[in-house]
Each structure stands twice: as C-alpha cells, then as structure tokens.
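In what follows, a single structure is set out as structure tokens and then discussed.
All of the numbers you see were taken from the coordinates with simple rules; none came from a lab. All values derive from a computational prediction rather than experimental measurement. Here the Cβ positions follow ideal geometry from the backbone for every residue, glycine too, while neighbour counts run over all protein chains shown.
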Amino acid sequence: MKKKMRVALGELAKKINWSYVEKIWMQNQPYVRQRSSKHKKSSKSSAKKAIFKEVDENGDFMVEKSSPDFASATFSLEREVGMNNLKNEDIRFRCSANRVGKKQCITSCLCANIFGGHVFDKAKWQFNLTEFNCHLMLFMMGKSIQVYLLLTNESLHRRNVVHFGITTLRPTICHGMLREAQISLGDIVLDPMAGSGSLSIEGAVSCQDRAFFIGTDLFAPAVRKCELNKDHLDKLIEKLNLKRLNLNFGMMDATDLPFRDNSIDSVVTDLPFGKRIKEVMLGTNMRELYFKSLKELSRVTRKWGVFLSCDKNSMKYAIDKLCSDGLKLWRFIHCRMINHGGSRVGIYLFQKYDYFLQCAEEHNRNKENIEA
Ligand SMILES: C[S@@+](CC[C@H](N)C(=O)[O-])C[C@H]1O[C@@H](n2cnc3c(N)ncnc32)[C@H](O)[C@@H]1O
C-alpha cells in the first residue's frame, strides 16, 4: 500500500507544471511580508509580550503589541519590496502535509518527505526546512491529495490594527463584511459601533480614496482606541509616501445619530453580543438596543446594511418588532454563517426598502427601453 502511495505521489509531482508554479511564486514575492528572524523569535510570545496599558470602562484592555515589525504587517498598503530579478536558484522550499481523517495509509510526515523528494527531482529547487521562502502544502483527504503553494507567511488578519479591545474584529472578517456592502465610488460608509475601529480602517485602507469611512462609538475610550489606530496608520502612510486615509472617528450614540436622513450610503457594523459585552455596561437591554439601532440606522442609510451578530434572538426580536410596527425599512437579503473566534456568528445583509423599490423601478425602465 505504501509502495502504491509512493508511486502515486511521484505521478502527481510529474503532472504538475513546475515552471508555472515558479512564475506564480515570483509574481507573489513582492507582496509577501518577509519575516525577520527577530520577529520569528518574538511571534510565539507576542501574546505574552502585549502591553496591557489600562482597562477602559467597557472592560476592554488598551493593548499595544510590542512586536518589533508589527507595523509592517499592514498588508494592504502596497509596498515596493524590489524583488523583480528572481531566479529558479532563489527558491528554497519546504513541503508539509496535513491529513483530514485517519484512513490514509501513510503519515503526513512521510507523505511530505516523499513528495518533497519528487519536487527536488522534477522542479530542481533547493530545499530548506528552516529558512524556506516557498512553502508547499499537501492535503490528504480520503482518496484525494491536493497540493497548495502558500502565498502568505502568516494569516492576513495581522494587519492595520495595533490597539486592540476584547471584541476587536479580524480585518479578514471586516473585509468580507465590507464586500457584502457593495461599496461603489464616492460612497460614505458608517460603522456606528466602531470599538477599536477595525471595520472602518479596513475599508479606508482597501478603498483608499474611492470611498469615505466614518467610525463612531458611544464610549470615549473606544473612540480613543480608534484614533490611536488611525494615528499609527497615518505615520506609516507618511513614511511610505501614500495618500491619506478617508477616515474619521467620532463619539455618537447609534440609536440617536446626528446625521440627515439617507445621508449615509451603507452601514457596516459589528453589533454587541456575548458575554464580553454585558447589558449592564451598555445600560440597556440588548434586544431594545438592536431594535432602536436598526431603526435609527435605516433612517440615515440609503442602500445597504451589513450587521454581524451571534445574538439571533435579539436580531429576530428587532426585525419582528420593526415589521409589527408596520415599518418597511429593511429588506432581509441573506445571512451568512461564519467562524468568529471559534463560535458561529451570522453576517446579515439588509437592503433599504426604498432603495430596493428604486432599483426595481430602474430595472423595469431599462427593460422597457430595451424592448422598445
Ligand atoms: C462588538 S463591539 C465592536 C467591535 C469592533 N468591530 C472592533 O473591531 O473593535 C460593539 C461596540 O458597540 C459599542 N456600542 C454599544 N452600544 C452602543 C450605542 N448605543 N451606540 C454606539 N456604540 C455602541 C460598544 O462600545 C462596542 O465597542
């Protein structure tokens, strides 16, 4: 059985177009954040090294990471690394394998060993298990094997935010939520429950000068954290000579916003839920907070509402109450379930009812014009 597997792995290595893989690797290199050996040493203990400065009135810790090159983890800010003349000899690869299920006839270690050997023969790359710059990963799943070329050194969620709260959202999740809002040129996007500002920051960094982002929170320490994160990015931007971020933070109550009707294009927010944010802290019942904020947000928003929450009951209560009050404010589009720190949470997408009618009318008009 093991012999068969060896042969199969050899066949697989033969089938792969290694010069094409090389091309992908070379194109990707300028975008890979190079880990310094200093960072490697500190990465394991980065959580321990975080400086807990003070506790704010939300119970959030004002944390600043002390990792030396954490600032350069700002992935989405384009950086010129200057690695254009790469050659085949520059590749130092390692191969690892993961098993899904336990029915495979060889261990992951042996699988990586055999496949690595075949890559060495076929692609003529140098291998280096410790100082590698090219990482191949095999996934053994049932009877199939998939080969991946890893394009990043570490998770993309390590970017932009350096001052954390206990509920800071990962930039990767923020990015997904912002995509749900279908942001277009010139849009104004609001996060009315900003916390440490990760959603607005991710939006401003990704959209650059094509949209404007506003982050607000009810509590002063949260707004201060947002400002600290922005200051950090501003310094980095100045250093890299990039355009300033279209981003502003302020202190506001999401249930009573000082904005005109329909003045915000989309609202993208992470609603409070779970044990970390208690109702006592907020001074209100969670269900009522959901209802009041969804109602107020529908007043100021023109197009889309993207809300992340784990609290299905409060969400259902708020939607039911809005409907029972005869208010046709939000049109539910879908809810996508995601993994957020080990728990399943929902990302709810709503469309403003008036915007839906406007789009439908426009669609019908276009259809008529085409038919005519
Ligand atoms: C789940 S946290 C948001 C975390 C944020 N996405 C981040 O990455 O840090 C919810 C936030 O809502 C804020 N909040 C609660 N009630 C509010 C209200 N009535 N108006 C504005 N913000 C409120 C809390 O201060 C808290 O920071």
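What is the fewest-to-most order of Thr255, Thr107 by other Cβ atoms lying within 10 Å of their Cβ?
Least crowded to most crowded, the residues run Thr107, Thr255.
Set Lys and Arg Cβ to +1 and Asp and Glu Cβ to -1, take the dipole of the stretch 276-372 about its Cα centre, and tell me which of Tyr317, Gly305, Tyr355 lies farthest positive.
My answer, from the dipole projection, is Tyr317.
DSSP loop (so not H, G, I, E, B), at most 14 other Cβ within 10 Å: list which trypsin sites (Lys or Arg not before Pro) in the stretch 217-325 pass both filters.
Passing both the DSSP loop test and the Cβ count: Lys243, Arg244, Arg260, Lys275, Arg276, Lys278.
If you stretched the chain out fully between Gln208 and Leu12, how much longer would it get, using 0.36 nm times the residue separation minus the C-alpha to C-alpha distance?
The Gln208-Leu12 span can extend by a further 66.3 nm.
Taking every Cα atom in the stretch 111-202, find the radius of gyration and the maximum pairwise distance Dmax, and write them in Å.
20.0, 57
Between rounded, prolate and oblate, where does the stretch 163-362 land on the alpha carbon gyration tensor, with a ≥ b ≥ c its root eigenvalues, rounded for a/c under 1.5, else prolate if a/b exceeds b/c?
Oblate.
What whole number of Å gives the distance from the Cα centroid of the stretch 155-179 to the Cα centroid of the stretch 236-262?
Computed from Cα coordinates, the inter-centre distance equals 17 Å.
Find the relative contact order for the stretch 172-283 and round it to a whole percent, using C-alpha pairs within less than 8 Å whose residues are 6+ positions apart.
34
Amide H to amide H under 5 Å from Asp270: which residues, 5+ apart in sequence or cross-chain, H placed 1.01 Å off N in plane?
Under 5 Å from the amide H of Asp270: Met193, Leu308.
Would the stretch 217-283 count as rounded, prolate or oblate if I go by the C-alpha gyration tensor, calling it rounded below 1.5 in a/c and otherwise prolate when a/b exceeds b/c, oblate otherwise?
It comes out oblate by the Cα gyration axes.
With label points built 7 Å along Cα→Cβ from the Cα atoms of Leu129 and Ser324, find their separation and express it in nm.
6.5
Just want to confirm a number: the relative contact order over the stretch 163-362, from Cα pairs under 8 angstrom separated by 6+ residues, in percent.
Taking the mean separation of contacting Cα pairs over the length of the stretch 163-362, I get 19 percent.
Going down the list Lys225/Lys316; Lys303/Lys367; Lys14/Lys124; Lys230/Lys312; Lys230/Lys352, which pairs span over 24 Å between their C-alpha atoms?
Lys225/Lys316; Lys230/Lys312; Lys230/Lys352
Magnitude of the Cβ-charge dipole of the stretch 163-362, K/R +1 and D/E -1, about the Cα centre, nearest 20 debye?
Roughly 500 debye for the stretch 163-362.
With a ≥ b ≥ c the root eigenvalues of the C-alpha gyration tensor of the stretch 241-350, is it rounded (a/c under 1.5), prolate (a/b larger than b/c) or oblate? Don't skip to the end; give the middle numbers.
On the way: a/c = 1.39, a/b = 1.14, b/c = 1.21.
The shape class here is rounded.
Counting other C-beta atoms within 10 Å, which of Leu245, Leu150 has the fewest, and how do the rest follow?
Leu150, Leu245
Listed here are the pairs Lys23/Lys235; Lys292/Lys328; Lys15/Lys87; Lys3/Lys143; which of them are more than 24 Å apart at the Cα?
Beyond 24 Å between Cα atoms: Lys23/Lys235.
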